[in-house]
Every structure is written in C-alpha cells, then in structure tokens.
Amino acid sequence: ICGWKRDMSKVLKEIISKNKEFIPQEIVIINTANPEEIEMLRSDPALSGISYINGNYVDETVLNRANVKHAKKVLVLADRLVLGSVQEVDSRTVMTIITVKSMSKTIYAAAEILDTKFERYLISANCDEVILTSDYSRSLIANASTGSGISHVISELLDVSTPVELNTVIPPKELIGKKYSDLSAYYMKQESTILIGILENTGNFHARKMEAIEQAQKTPDISMLVDSLKSVKTMTANKPVINPSPDYIIGKHSKAIIIEGRGC
C-alpha cells in the first residue's frame, strides 16, 4: 500500500476486513510519514503486524525493498503527504503504477486519483482498477440534492460494518457461456443474494489483453482478425454491466455483481 491518508488506521482496518485472504503480516505500507505516526499506528493490536518502509514509492529501489515483484496486489493512494497540487499528487500515482507494472506485469494494481484527466494514463499503463475519489463525492452530493436518499443506499452497501454487502464473485463454471437469465435464476436460489450485473475482464488486465490477442490470432480470416484486434484496443478492465438483458452471455473472466446479506 503506497501513500498515506489522514484516517490511515481506519483505512487499513477496512482493507484487512475486506481482504480476509491476507493477514496483517502480509501487508506492507510505503510512505514518508513521521515515525511518531507510524508508531501510533502500530500501537493498535490489529495493525501491529503490518510492515512499514519509509521512502519514496516512486523509486524502484524502494519498491524492491517491499518485494513488489512478488506481491499479489498493489494499492496506490492519493498521498496526502505529497506537498503540491492535485496534479502533482496524481502524477506521482501514475509514475508509481508505471514503475510497478514495469517490475511485474502480472501484479494486480489499483490506484486512487483526484483528477479524472489522469485516468487515461493509468489505463495506458494497464492499471487494473482506478478509484476516482472526487467523482464519487460529486455524484453523491448531486444525488443528495434530489432528495432521493441514494447517498444512504450507497453508504449502506459500501460500509464494511453493515450486514449488507456489495460484492463480486466468480460464477459457477457451468454457467460461463450461458445467458444472464440462467445466472440470475441460480442466484435467486441462494439465500440472501441478489444478482444485479456482471463485471467483465476481471483479474490482471495485461493477461486479459494478451489472451484476447492470442485468441484473435487463431482466426484464418484476415478481416475477422483485424476486427478482433481492434476490439482488444477498446477492452476495459473490470467493466461493470449493470442489469443486462436476459440474453446477455456470461463471458470468461467475468464476475457476478451481487448484493448479499440480511434477507429478513
């Protein structure tokens, strides 16, 4: 985890809560926070096992100290410790993702940016997930202005402490290549689970693109090959398709977007 937030303790606890496959000892944070802040963080028993590296995470040498090449995931935060404009904060984030991906193309990378104009640079660098913090805040404010109550709905779904959770899960293998209506019928039989859409091209985006190119090259038809390669260019990592038609086909490397929990 590269960077620092004002509520870093809460951020880390929620990350641990959502990533149950990891233990704190497998998490490394890299930033230039004061030693006193780090000690205060580690004084919390829930965070005491987290490793800390003081340094500039844009620097490949520092990332090597964190063993980035063998990491499963990298999260780059919009670092509040960066002194400068929004553009400077986001530029460092983009440079970090470029460096990380040059070290390991197979790593899953997520990055938080403040200005949407930097999104295209992250996409070009094969960043797997882009977090547009400012956009989310503006959307919530706009929805709240209508008196629709949507901001409360979103908060309920995203809050890790509530009994209801918005989640993505791998659908059963036998339903890959089947219709959305078949998958919907499957989840209707699951207790306290509602299917609301599909997430396409999940996992490492570089791997998805390479696989799509390899598949396209198998066709003997030149015109089909050109069309297939063009479609690879327009591929989007983790593309949500909310409430598709019943005939929508569940593709390979897709995840089901579900709401689960409560049920009574």
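The values are calculated or read from the model by the stated rules, or taken from the named source; none is laboratory data. Quick caveat, the model's predicted, so the values are computed rather than measured. Virtual Cβ from ideal backbone geometry, glycine too; neighbours counted across all protein chains shown. Just so you know, the surface numbers come from the protein's heavy atoms only, side chains and all, with ligands and any DNA or RNA stripped out. Shrake-Rupley method; radii C 1.70, N 1.55, O 1.52, S 1.80 Å.
Observations on the structure shown:
- Value of Rg/Rh across the chain [Cα atoms, Kirkwood radius]: 0.99
- Taken about its Cα centre, segment 135-212 carries a charge dipole of roughly 280 debye when the Cβ of each Lys and Arg holds +1 and the Cβ of each Asp and Glu holds -1.
- Top positive-direction residue, dipole computed over the chain with Cβ charges, set TYR57, ILE196, ILE222: ILE222
- Residue-normalised accessible area of the chain, expressed per residue, 1.4 Å probe, Å²: 58
- Toward the positive end of the charge dipole of segment 111-246, with +1 on the Cβ of Lys and Arg and -1 on the Cβ of Asp and Glu, the farthest Cα among ALA212, PRO246, ALA142 is that of ALA212.
- Lys/Arg +1, Asp/Glu -1 at C-beta; segment 3-89 dipole; positive extreme among ILE30, SER85, LEU47: LEU47
- Estimated purely from DSSP H runs of n ≥ 4, each contributing -39500 (n - 2.57), the mean residue ellipticity at 222 nm for the chain is -11500 deg cm²/dmol once divided by its residues.
- Qualifying GluC sites (Glu not before Pro) in segment 174-242, where qualification requires a DSSP coil assignment and no more than 15 other C-beta atoms within 10 Å, comprise GLU191.
- Cα-centre dipole for the chain with unit charges at Cβ (Lys and Arg positive, Asp and Glu negative), debye to 20: 540
- The magnitude of the dipole of segment 1-144, with charges of +1 and -1 set on the Cβ of Lys/Arg and Asp/Glu and taken from the Cα centre, is near 300 debye.
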